[in-house]
Amino acid sequence: MSDRVLSQQEIDNVFRSLRDSPSEEDPSKRAQPYDFRRPDRIAKDQLRAIHLLHENFARGLASSLSAYLRAYVAVNLVSVEQLSFMEFSNGLPSPSCLVSLDLKPYEGNAVLEVNASLIFPILEMLLGGTSKSSLKINREVTEIEQTILDGLFRIILHDLKTAWAAVTPLEFTVASYENDPQLLQILAPNEAVVAVSMEVRIGDNAGMMNIGIPSIVVKMLRHKFDQQWSVRKSQSTEVEQARILRLVKPAILHADSRLEGPALRVEDLMDLKVDDVLKFDYPVDRALNLALNGSLKFRGHVVTLGHKRAFEIGEIYSPAG
């Protein structure tokens, strides 16, 4: 084989073809810039557990506030996300009602914020009004109004404590009040927080309630989340059972037990006369079915209770039986 010297044009063509031909993707092109200030401190599964925890808190709070304010209150969880404290505080309206919370027995402070669009209708209701005024108030809360709101925050923090009891005993107590988010200096600007946002609707009034919990505290509870929430998949806690029982206690059930015998035509019914006897053809010892809201649930017998009739439950109804 004879050696051949390539011309400069042939060399250029080779490099041009290598440059233009598709090659394997450079790994460096898949790299993404990383901001070390980004609050990536909590695993996604733990965030999901916190989301479920505050869904329970929202349901309990709606019930508690409805009883406290004697009005229909709806609380919906909007989001649970990780933010820097600067991003969290910059997203809060001003003026607003902010409460710094101690997290005993852990070190650090959390933040509870309630929009002015909720605070002043609540104040009006607590003072005997109807909160149906069309006037929108946007000012700072006075010290006297903060005293009136102590009962409201006591209920919110009690339900928040109850919700967190499924993970760990955590006591939320009021440390201080503030009206401007920029003056709330409880964490460093780049410190990560778990931001929980909820929409609260009271009659025709609606607004947001925001909670900021330091991520470092939540991260310390990682093993407790792993233990408690794995157990909750199979069985509920006594606290949860008591809460559900409290919610269903006011419910009304319609109980209905009937003798299911032969049918009677309307024509025969119209021909009935005094002293006629109707034969039900239903044995005395046969159990009756008891329906609750139209669904068969139990079997038993009609008995006498004092001067009234009652139903004695003998067994749970089974379609196969």
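Quick note: the coordinates plus some simple rules give every number you see, no bench work behind them. Since the structure is predicted, the reported quantities are computational estimates derived from the model, not experimental observations. Cβ sites come from the backbone with ideal geometry, for glycine too, and all protein chains shown count toward neighbours.
The figures follow:
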item	result
Extension gain, Val14 back to Leu183 (0.36 nm per residue minus Cα-Cα distance, nm)	54.2 nm
Range in the chain, longest, excluding exposed GluC sites (Glu not before Pro) [loop by DSSP; at most 16 other beta-carbon atoms within 10 Å]	141-259
Burial ordering of Leu247, Leu221, fewest other beta-carbon atoms within 10 Å first	Leu247, Leu221
Using alpha carbons only: equivalent-ellipsoid semi-axes of the range 48-122, gyration tensor based, whole Å	22, 18, 14
Extreme residue, positive dipole direction of the range 44-248, given options Ile244, Ala62, Pro214 (C-beta unit charges)	Ile244
Taking Tyr72, Tyr317 and counting other C-beta atoms within 10 Å, the order from fewest to most	Tyr72, Tyr317
The range 255-316 - Debye-derived log10 I(q)/I(0), Cα point model, q = 0.20, 0.23, 0.24, 0.29 Å⁻¹	-0.90, -0.99, -1.02, -1.18
Estimated inter-spin distance, Asn190 and Asp271, nm [label 7 Å along Cα→Cβ]	9.8 nm
Spatially proximal lysines relative to Lys219 (Cα-Cα < 22 Å; intrachain offsets below 8 disregarded)	Lys44, Lys104, Lys161, Lys233
Glu238 versus His158: modelled label distance in nm, points set 7 Å from Cα along the beta carbon direction	2.0 nm
Lysines with Cα under 23 Å of Lys297, excluding same-chain neighbours fewer than 8 positions away	Lys249, Lys308
Prolate/oblate/rounded label for the range 136-203 (Cα gyration tensor, a/c 1.5)	oblate
Student exercise, the range 255-316 dipole from Lys, Arg, Asp, Glu Cβ charges, in Debye to nearest 20	300 debye
Pairwise FRET efficiency - Arg139 versus Arg246, Cβ, R0 = 35 Å, nearest 0.05	0.40
Mean separation of Cα contacts under 8 Å (6+ apart) over length of the range 255-316, as relative contact order %	28 percent
The chain: DSSP helices with Cα axial extent of at least 24 Å and average Kyte-Doolittle hydropathy no lower than -1.0	44-69
Sequence-distant residues sharing a close amide H with His301 (under 5 Å, placed H)	Leu288, Glu312, Gly314
Spin-label pair Arg222/Ala206, simplified geometry with 7 Å Cα→Cβ offset, distance in nm	3.8 nm
Positive-end residue of Leu47, Gln185, Leu170, charge dipole of the chain with Cβ unit charges	Leu170
Förster radius 30 Å - calculated FRET efficiency between Ser257 and Lys279 (Cβ-Cβ, nearest 0.05)	0.90
16 Å cut-off, amide nitrogen to a point 7 angstrom out along Ile313 Cα→Cβ, residues in the range 290-306	290-303
Cα-centre dipole for the chain with unit charges at Cβ (Lys and Arg positive, Asp and Glu negative), debye to 20	600 debye
Sequence-separation-based contact order of the range 44-248, relative, with Cα cut under 8 Å and 6+ spacing, percent	32 percent
Ala175 long-range amide H proximity, modeled H, under 5 Å	Ser100, Leu101, Asp102
Shape of the chain, Cα gyration tensor, a/c cut at 1.5	oblate
